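Read through the structure below, which is laid out as structure tokens, and then see the notes.
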Amino acid sequence: MRSLTERVAGHETYVCRVTRVAAVALLLFAHVLPASADTSVWQASKGDDTVFLGGTIHLLRPGDYPLPEAFETAYQASDRLFFEIDQAQMADMSVQARMMQQLMYQDGRTLETVLDEETYTALSAYAGEAGLPMAMIQNFKPGLLLSTLTVIEFQSMGFTPQGVDAYYNTRAVGDGKARGELETIDQQIELLAAMGEGYESEFVMYSLRDLETAGEAMEEMITAWRTGDLAALEDQFIRPMLEEAPELYDSMLVVRNNNWLPQVEAMFDEAGTEFVLVGAAHLIGEHGLLAMLSARGYEVSKVGAGASDG
């Protein structure tokens, strides 16, 4: 069995694509529900040019397959796939070593010194229940701590990192389809390393609360994801995050979406058709890719649906 450090290093880039722990639990992990043609896959069109956008789930259980048919429809119609990062780099041992180096305190600080007493006590209690010795995680920065706790929580439920992204990356390699990425893995490492910096106690306490209650709303949230219900996803994810963690909303979603938008728009001028696969949280809300594309005059519609969702 791999060590905790090896497991976290291999998995945390999946986890860091979302901000709110509840979203990790409820947006990214699919429950076993009937496949539907009406799901979180959209197409944005400009004249005869089309780009598909799929809201992905990064961790899945074997029983969660097959995926909704709209994903396969978009995949078959596409010449190139774009992911958040280069999937192949996630198995690179040098990348994993660099990740762990940057995500752990190197200046003498520990969780015990940066967290207030109430938060540290709550974290110790949670870690104890999870069978995770505090000595093992003392040097973890908040972003790595969140990733570790989330991975442990959902691995215990049978989830693995073989989600939508990994599945279609493997398919694209086998089918000889070109692949690209919207950002580098170093950008994601830097983002994760900065999570909670300056407000560590609030961040960790907020994360612990969400981890303890995430499962309660799973059915409702996953239903919204599988049917592509933008309004429900915004109510259940975007609004609570704006109220409780606006800094994370800005850094993890708004800034990154703004960086990705020009890249997506450039795809319309390229020959062939692209399928962009990103965490579902990046598609929803006023700062989501769908709304921004619609505001720029692109026709946005759900794959398999006749009406525009823009």
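So here's what we get for this one:
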{"item": "Counted residues, the stretch 89-111 - those being in a helix (DSSP H, G or I) and β-branched (Val, Ile, Thr)", "result": "1"}
{"item": "Residue within the stretch 146-168 that is at pLDDT 95 or above, in a loop (DSSP other than H, G, I, E, B), in contact with a helix residue (DSSP H, G or I) (Cβ under 7 Å, 6 or more places away or on another chain) and surrounded by 14 or more Cβ atoms within 10 Å (Cβ to Cβ) present", "result": "no"}
{"item": "Residues of the stretch 37-57 classified as over 19 Å from residue 229 (Cα atoms) and not small (Gly, Ala, Ser), total", "result": "5"}
{"item": "Filtered residue count, the stretch 37-55, keeping only those that are closer than 14 Å to residue 164 by Cβ and in contact with a Gly (Cβ under 6 Å, 6 or more places away or on another chain)", "result": "3"}
{"item": "Exclusive hit being under 25 Å from residue 122 (Cα atoms) and of a type in the set (Lys, Arg), set 171, 209", "result": "209"}
{"item": "Test: residue in the stretch 214-230 that is in contact with a strand residue (DSSP E or B) (Cβ under 8 Å, 6 or more places away or on another chain) and either more than 30 Å from residue 128 (Cα to Cα) or at pLDDT 85 or above (or both)", "result": "yes"}
{"item": "For residue 292: the one exception among (1) surrounded by fewer than 17 Cβ atoms within 10 Å (Cβ to Cβ); (2) modelled with pLDDT of 95 or more; (3) under 22 Å from the mean Cα position of the chain (by Cα)", "result": "(1)"}
{"item": "Residue 204 being in contact (Cβ under 8 Å) with a residue 40 or more places away in the chain, buried (at least 20 other Cβ atoms within 10 Å of the Cβ), in contact with a helix residue (DSSP H, G or I) (Cβ under 8 Å, 6 or more places away or on another chain) and assigned to a helix (DSSP H, G or I)", "result": "yes"}
{"item": "Counted residues, the stretch 109-129 - those being β-branched (Val, Ile, Thr), more than 26 Å from the chain's Cα centre (by Cα) and closer than 14 Å to residue 203 by Cα", "result": "1"}
{"item": "Residue 190 vs. criteria among the charged types (D, E, K, R), more than 15 Å from the chain's Cα centre (by Cα) and closer than 30 Å to residue 97 by Cβ", "result": "yes"}
{"item": "Qualifying positions in the stretch 186-199 - farther than 16 Å from residue 150 by Cβ and either at pLDDT below 90 or among the small types (Gly, Ala, Ser) (or both)", "result": "193, 194, 198"}
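The values are calculated or read from the model by the stated rules, or taken from the named source; none is laboratory data. From a predicted model like this one, the values you see are computed outputs, not experimental measurements. Virtual Cβ from ideal backbone geometry, glycine too; neighbours counted across all protein chains shown.
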